[in-house]
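Engineer: Mind looking over this structure? Questions follow.
The values are calculated or read from the model by the stated rules, or taken from the named source; none is laboratory data. If you're wondering where the values come from, they're calculated on a predicted model, not measured in any experiment. Cβ atoms come from the backbone with ideal geometry, glycine included; neighbour counts cover every protein chain shown. Please note that ligands, DNA and RNA were not included when accessible areas were found on the heavy atoms of the full protein model with its side chains. Shrake-Rupley method; radii C 1.70, N 1.55, O 1.52, S 1.80 Å.
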Amino acid sequence: MSGMDVGKGGGSIAKSIMQDGKRWGIQSWRGSVTDSAANCIRGMVGALQAACPGFVAMACFLHVMNLVLVNSYLSSFGDEERGVCSALRIGYMMSYLHHKFPDEWRGWCADNGHDDISYTAAGATKTRWWSVTAAFGDCYKNRAAYQHWCTYMIVVHKGGYNSCFTEMAAWLQNNKALCDMSLILGFCTIWWNQEMEWLQGAGHWQ
């Protein structure tokens, strides 16, 4: 509210909130809805709890529900950062390769009649459910073209990314990986996205 610079750390943020509140005549803070991450609870919220007796800290429902989905598919299908191929890694890696070789991807699309899909594939991240829906939508719909491009790049690209192209070319034909992807994509498209969009659309007064 003041527009002043705030120091680093939750304690500094809490102090700034209380200082701003005093300028508006607010003497007591009752609670906060915040990110459910442990460092957020320990930081700003912890400082406000210490300064304001009875302060109630609530985790953000959007964050909690996102973690429900994220942790479920990490447990079931793997994590791209572990380097183990999975539906999630395919969604992550195809976007990564398109970003690394955009001209090669667009050129291949032009030469092979795929101008309609010559855009860069959306990237999946384990922290955002909407990115998973977008990435899996691209990868599942365009899996044949993506697989053929990766096979092409294995031949023409003589560099350090051949192992990535080889991995994607193989896994984009793997029935288990595609089944995992279609399960998550279907669940998000049919139910999850609508529920989360409805929640995000709640009135500001709430």
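Engineer: Only Cα pairs under 8 Å and at least 6 apart count here; give the relative contact order of region 110-192 as a rounded whole percent.
Structural biologist: 26
Engineer: Any chance you could look up the accessible area of Cys179 with a 1.4 Å probe, heavy atoms only, rounded to 10 Å²?
Structural biologist: 80
Engineer: According to the square roots a ≥ b ≥ c of the eigenvalues of the Cα gyration tensor, what is the shape class of region 122-177, taking rounded for a/c under 1.5, prolate for a/b larger than b/c otherwise, and oblate for the remainder?
Structural biologist: Prolate, since a/c reaches 1.5 and a/b exceeds b/c.
Engineer: Same structure, new question: Checking the cross-link filter: which lysines have an alpha carbon closer than 26 Å to that of Lys158, excluding same-chain neighbours under 8 positions apart?
Structural biologist: Lys158 reaches Lys100.
Engineer: Label-point separation (nm) for Lys22 and Tyr152, each offset 7 Å from Cα along Cα-to-Cβ?
Structural biologist: Going by the 7 Å Cα→Cβ label model, 6.6 nm.
Engineer: Something else: Modelled label-to-label distance, Ala110 and Val56, 7 Å Cα→beta-carbon offset: nm?
Structural biologist: If labels sit at Ala110 and Val56, their model points lie 6.1 nm apart.
Engineer: Another question, if that's okay. With only Lys, Arg, Asp and Glu charged, each at its Cβ (+1 for the first two, -1 for the last two), find how big the charge dipole of region 93-176 is about the Cα centre; round to the nearest 20 debye.
Structural biologist: 380
Engineer: Next question, about the same structure. What percentages make up the Cα-Cα pair-distance distribution of region 77-197 when the bins are 5 Å wide from 0?
Structural biologist: Pairs per bin, as whole percents: 2, 12, 23, 24, 19, 12, 6, 2, 1, 0.
Engineer: Highest mean first, how do 138-145, 105-112 rank when packing is the count of other Cβ atoms within 10 Å averaged over residues? If you can, show how the numbers build up before the last one.
Structural biologist: Working: 138-145: 18.2, 105-112: 14.9.
The peptides rank, most packed first, as 138-145, 105-112.
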